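Asks: My questions all concern the structure below.
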């Protein structure tokens, strides 16, 4: 898959291991797991490849997050992304990472 980053902090976390702003600071083990998941996504041919990793809990989101999908980073955090279809293909080749969220916080 081709992975792009919608937010600068997501790219910084992946490339540098930390974000430049104070708002997006995460514990080192969260950043390490996030990096491994992005690497795993890049290795896959398409998003269907994520289904073979049950621990990721790949799912399509509903409600106010309709149109987005997510995988779990751990029990507390998930990586939300938008699947972008190319042409007539029914499987996404490009994934745009949108947010690393603590989905239990409001």
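Quick note: the coordinates plus some simple rules give every number you see, no bench work behind them. The model shown is predicted, which means the values in this text are computed figures rather than measured ones. Heads up, the Cβs are rebuilt from the backbone with ideal geometry, glycines too, and the neighbour counts pull from every protein chain shown.
Asks: Per DSSP H run of at least 4 residues, take -39500 (n - 2.57); add these up for the chain, divide by its residues and hand me the 222 nm value, nearest 500 deg cm²/dmol.
Replies: Helix contribution divided over all residues of the chain: -7500 deg cm²/dmol.
Asks: Assuming R0 = 22 Å, what is the FRET efficiency of residue 22 and residue 65, from their Cβ-Cβ distance, to the nearest 0.05?
Replies: So, using R0 = 22 Å, E works out to roughly 0.30.
Asks: Divide the volume of the convex hull of the Cα atoms of the chain by its number of residues and quote the answer in cubic angstrom per residue.
Replies: 105 Å³
Asks: Under a plain spin-label model, where a point goes 7 Å from the Cα along Cα-to-Cβ, how far apart in nm are residue 4 and residue 39?
Replies: My value for the distance between the label points is 2.5 nm.
Asks: Listing 69, 101 from the residue with the fewest other Cβ atoms within 10 Å to the one with the most, what is the order?
Replies: 101, 69
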